[in-house]
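Worksheet: one structure, shown below.
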Amino acid sequence: MMKPLLEVRDIHRTYQIGESTVDALRGVSLTIERGEFVAIMGASGSGKSSLLHILGLLDNPDQGEFMIMGNNVNTLTEDEQAGLRNNVAGFVFQQFHLLKRMTIVDNVRLPHIYSGLKGDFRKEATERLKLVGLEQRMDHTPNQLSGGEQQRVAIARALIRDPLIIFADEPTGNLDSKNSAEIMKILKGLHDEGKTIIMVTHENEIAAYAGRVIIMRDGVIVSDERRAGMQPSVAAAAGEVGIESTLSRKGSLWQDGRYTGFMAQAFQSILANKMRSFLSVLGIFVGVASVIAMMALGEGAKAAMQEQLKSMGSNMLSIRGGSAKIHGAAQGAGAVTRFTFIDVDDIASLRTLVKNSTGVVNGNGRIVYGNKNWSSQLTGVGFDYGTMRAAIPTVGRWFTREEIQTREKSAIIGVTVVKELFGGSNPLGKTIKINRINFKVIGIAPAKGFSGPQDEDDVVIIPVTTAMYRVLGKDYLSGIFVEVASPALIEQAKIAISELIQKRHRLKADDDSFNIRDMTEIQKMLSSTTQTMSLLLGSIAAISLLVGGIGIMNIMLVSVTERTREIGLRKAIGARKSDIMLQFLIESVGMTISGGFIGILAGIGISLILATFAGWAVKTSLSSVLLATTFSALIGIFFGLWPARKAASLKPVEALRFE
Ligand code: ADP
Ligand code: MG
């Protein structure tokens with residue numbers, strides 16, 4: 001014997017409103033066979049809708065048994081129930097519940113997005129619309145239709161998945177008698193074709209279409225009569241479907257068309273609220289743009305700083321006589337190692353560690369040109385000093401090796417000296433006096449600006465031999481500059497050079513009559529400063545992104561509340577929890593990503609403007625763009641998740657009756 005289509009035994013449903021409870025169903029038992037046309041009648045509040053919702057799996061009883069084709073429904077999961085609603089049931093509600101943003105044809109084929117089947121189902125939707133006589137209005141929106149027409153669209157939607165059962169809750173409740181008659185004619189026709197119809201109504205004329213009338217009062221059935229001459233339709237027996245096959249959805253999320261369907265719908269919904277979407281995207285836009293611009297500024301500052309450091313000479317060691325504590329002013333303060341050219345050559349012979357070494361001698365120079373005189377730092381240098389210290393003139397030339405060997409009286413002067421002695425005129429080829437000795441100016445040293453309080457351009461550079469033997473009267477060097485082969489070898493080179501000097505000058509291991517300093521110390525300090533600055537700028541920008549994200553969350557929450565009934569409808573036609581979550585997530589991620597995208601463009605634009613008009617050093621990096629993109633997507637997910645969860649966890653009935 002065939003199991004009955006639907007069977008409920010002693011079901012109860014109690015609603016809780018604050019402190020008080022309402023017993024809507026108080027022990028209802030009922031069996032419905034295939035092909036029946038059942039009208040459930042009774043006074044308002046008697047529990048008709050409550051019963052219909054349970055039969056349609058939109059709600060679950062608190063107590064009692066419910067079997068569909070002999071299968072216990074109580075043990076089904078939420079998603080399995082959603083699958084059943086999609087495959088077996090079609091719903092028609094008093095309020096139609098059409099989605100206003102969508103066209104008629106999209107409304108009708110909407111259940112298919114949750115069916116897991118491939119295809120656009122436009123043809124099927126058109127056929128169902130033809131059945132209810134609305135194929136001409138396919139591309140209209142629900143607002144352009146009368147109530148009766150809207151209900152016909154709802155019936156077409158209920159039919160799209162070829163359901164076994166149609167559940168109708170007061171389908172004519174909002175319609176005049178002419179439209180009511182039309183709707184009932186359609187339902188009658190469907191019954192004749194073999195559909196099982198369960199309908200709630202309180203009007204006798206409407207109930208007259210049914211073959212069986214159940215009357216309820218105060219949550220129980222008081223009468224259940226089959227009308228003579230009205231038989232279950234014979235075609236119904238053909239409608240036997242195994243319940244198992246309807247429980248699970250076919251195809252995975254990414255294979256079928258559902259994903260693209262969700263994308264299209266999310267897009268539609270964003271566009272439907274243009275102003276609101278724009279305003280919430282604005283927060284992300286500003287956030288991302290500032291992240292990009294700030295990071296470009298930070299990176300630019302870092303790059304500029306590094307450029308400057310490079311001009312100071314990287315990989316450089318400076319060896320001086322005297323203790324480290326009194327570097328540069330060592331004379332007379334304790335023992336001082338006096339370096340010679342032999343030290344320079346010995347250090348240079350540490351080939352694996354040292355690329356170059358050059359001796360320098362420092363002193364004060366009294367410079368005279370015509371009637372002007374000026375005091376300046378005098379530096380005697382070797383040939384390699386020019387490349388090692390980036391001192392090769394761009395105006396004029398560097399010393400030749402012969403000039404240095406033959407103690408030539410040639411001088412290269414810094415721009416400060418040029419300004420003080422020559423004003424606007426060209427100093428090249430002119431003769432100046434340094435400590436009363438005539439020198440020829442052969443070049444202008446590249447401008448370096450200030451390093452702390454020291455003017456690096458107030459210098460006069462002459463050959464080291466000339467300085468020692470002709471100008472300063474010294475037979476030793478003030479210091480040695482060493483260029484280490486690579487930055488990684490700096491520590492090793494320092495140790496090797498120390499040992500070499502100690503050995504050559506017969507010094508004790510803890511002797512502090514000389515010291516070695518490296519430029520990386522300064523470099524480290526400066527780059528950590530720029531690092532801090534970048535971090536600070538970046539975090540300010542990140543905060544604005546966060547604020548933007550909160551804006552998105554706010555809008556999504558409003559949107560969820562506003563669309564609660566839409567969510568209810570979607571669940572009724574078979575959307576699973578994950579489908580609803582995905583829909584809202586795609587929507588919020590879509591908003592943040594598009595905000596992020598224009599933000600990236602704006603950020604790059606702002607950087608360019610700062611670079612061109614304010615002359616700031618900026619450097620837009622790919623990493624900042626990637627960071628901003630990832631961050632805005634994550635913000636979309638993170639801040640969309642809560643509203644999405646909220647939307648997804650609603651019960652279909654609760655959502656549907658939300659005002
Ligand atoms: P009918 O459809 O016959 O008018 P319902 O099944 O909608 O009746 O409601 C039966 C009773 O349960 C009514 O008293 C109604 O107020 C109450 N009720 C229905 N749904 C809810 C709900 N979600 N929360 C609280 N009370 C409810
Ligand atoms: Mg009702």
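The values are calculated or read from the model by the stated rules, or taken from the named source; none is laboratory data. What you see is a predicted model; the values in this text were computed from it and never measured. Here the Cβ positions follow ideal geometry from the backbone for every residue, glycine too, while neighbour counts run over all protein chains shown.
Yes/no per residue for (1) surrounded by 13 or more Cβ atoms within 10 Å (Cβ to Cβ); (2) under 57 Å from the mean Cα position of the chain (by Cα); (3) free of Cβ contacts under 8 Å to residues at least 60 places away in the same chain; (4) within 21 Å of residue 307 (Cβ to Cβ):
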| site | (1), (2), (3), (4) |
| --- | --- |
| 356 | yes, yes, no, no |
| 363 | yes, no, no, no |
| 407 | yes, no, no, no |
| 416 | yes, yes, yes, no |
| 421 | yes, no, yes, no |
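Could you tell me whether any residue of the range 90-102 is over 41 Å from the mean Cα position of the chain (by Cα), over 16 Å from residue 219 (Cα atoms), away from ligand 2 (no atom under 16 Å from the Cβ) and assigned to a loop (DSSP other than H, G, I, E, B)? Checking the range 90-102: not a single residue is over 41 Å from the mean Cα position of the chain (by Cα), over 16 Å from residue 219 (Cα atoms), away from ligand 2 (no atom under 16 Å from the Cβ) and assigned to a loop (DSSP other than H, G, I, E, B). Checking every residue in the range 465-479 against the condition of being of a type in the set (A, V, I, L, M, F, W, C) and over 17 Å from residue 363 (Cβ atoms) gives zero matches. Scanning the range 574-604 for residues that are farther than 30 Å from residue 653 by Cα and among the hydroxyl-bearing types (Ser, Thr, Tyr) gives 592, 594. Scanning the range 444-458 for residues that are in a strand (DSSP E or B) and in contact with a helix residue (DSSP H, G or I) (Cβ under 7 Å, 6 or more places away or on another chain), we see that the one that is surrounded by the most Cβ atoms within 10 Å (Cβ to Cβ) is 444. Exactly one residue out of 186, 166 is crowded, with 16+ Cβ neighbours inside 10 Å, under 17 Å from residue 38 (Cα atoms) and in contact with a Lys or Arg (Cβ under 6 Å, 6 or more places away or on another chain), and it is 166.
Kindly indicate whether residue 183 is under 53 Å from the mean Cα position of the chain (by Cα), more than 16 Å from ligand 1 (Cβ to nearest atom), outside any loop (DSSP other than H, G, I, E, B) and under 30 Å from residue 14 (Cβ atoms). No: the conditions fail for residue 183. For first residues located in the range 48-62 and in the same structural domain as residue 223 (by TED's automatic domain parsing), partners that are in a helix (DSSP H, G or I) and near ligand 2 (Cβ under 10 Å from one of its atoms) and lie 6+ apart or on another chain with Cβ distances below 6 Å form the pairs 59/53. For the range 423-439, filtered to residues that are surrounded by 14 or more Cβ atoms within 10 Å (Cβ to Cβ) and among the charged types (D, E, K, R), the residue that is nearest to residue 357 (Cα to Cα) is 433. The selection criterion, being away from ligand 2 (no atom under 16 Å from the Cβ), at pLDDT 95 or above and of a type in the set (Ser, Thr, Tyr), holds for residue 31. Considered as a group, the residues in the range 103-126 that are farther than 23 Å from residue 172 by Cα and of a type in the set (Ser, Thr, Tyr) include one that is nearest to ligand 2 (Cβ to nearest atom), and that residue is 114. Selection over the range 107-131 of residues that are surrounded by fewer than 21 Cβ atoms within 10 Å (Cβ to Cβ) and not small (Gly, Ala, Ser) gives a count of 10. Where helices (runs of 4 or more DSSP H) fall entirely within the range 335-438, those with at least 2 residues that are under 30 Å from residue 491 (Cα atoms) and assigned by TED's automatic domain parsing to the domain that holds residue 487 are at 341-348, 385-388. Residues that are more than 16 Å from ligand 1 (Cβ to nearest atom) and either not aromatic (Phe, Trp, Tyr) or not in a strand (DSSP E or B) (or both) occur at least once in the range 54-67. Give 158, 154, 181 a once-over and let me know the one that is more than 16 Å from ligand 2 (Cβ to nearest atom), free of Cβ contacts under 8 Å to residues at least 12 places away in the same chain and either closer than 28 Å to residue 43 by Cβ or in contact with a strand residue (DSSP E or B) (Cβ under 8 Å, 6 or more places away or on another chain) (or both). Exactly one of 158, 154, 181 is more than 16 Å from ligand 2 (Cβ to nearest atom), free of Cβ contacts under 8 Å to residues at least 12 places away in the same chain and either closer than 28 Å to residue 43 by Cβ or in contact with a strand residue (DSSP E or B) (Cβ under 8 Å, 6 or more places away or on another chain) (or both), namely 181.
Of the candidates 70, 35, the single residue that is farther than 30 Å from residue 148 by Cβ and touching a residue at least 12 places away in the same chain (Cβ under 8 Å) is 70.
Please determine, by comparing only the residues of the range 8-51 that are assigned to a strand (DSSP E or B) and within 7 Å of ligand 1 (Cβ to nearest atom), which one is surrounded by the fewest Cβ atoms within 10 Å (Cβ to Cβ). If you could, list the steps in order and put the result at the bottom.
Residues of the range 8-51 assigned to a strand (DSSP E or B): 8-17, 20-32, 37-42.
The next check asks that each one be within 7 Å of ligand 1 (Cβ to nearest atom); those that pass are 15, 17, 22, 24, 42.
Numbers: 15: 12, 17: 7, 22: 13, 24: 23, 42: 22.
Across the range 8-51, the extreme among qualifying residues is 17.
Only one residue in 555, 480, 461, 501 is surrounded by 14 or more Cβ atoms within 10 Å (Cβ to Cβ), β-branched (Val, Ile, Thr) and closer than 30 Å to residue 640 by Cα. Which one? When all the criteria are applied, what remains is 555.
Restricting attention to the range 103-150, the residues that are outside any loop (DSSP other than H, G, I, E, B) and over 25 Å from residue 176 (Cβ atoms) add up to 14.
Going residue by residue through the range 359-378, is there one that turns out to be out of contact with any strand residue (DSSP E or B) (no Cβ under 8 Å at 6 or more places or on another chain) and closer than 30 Å to residue 514 by Cβ?
No, that holds for no residue.
Residues considered: 611, 633, 617. Of these, the only one that is within 14 Å of the chain's Cα centre (by Cα) and over 30 Å from residue 54 (Cα atoms) is 633.
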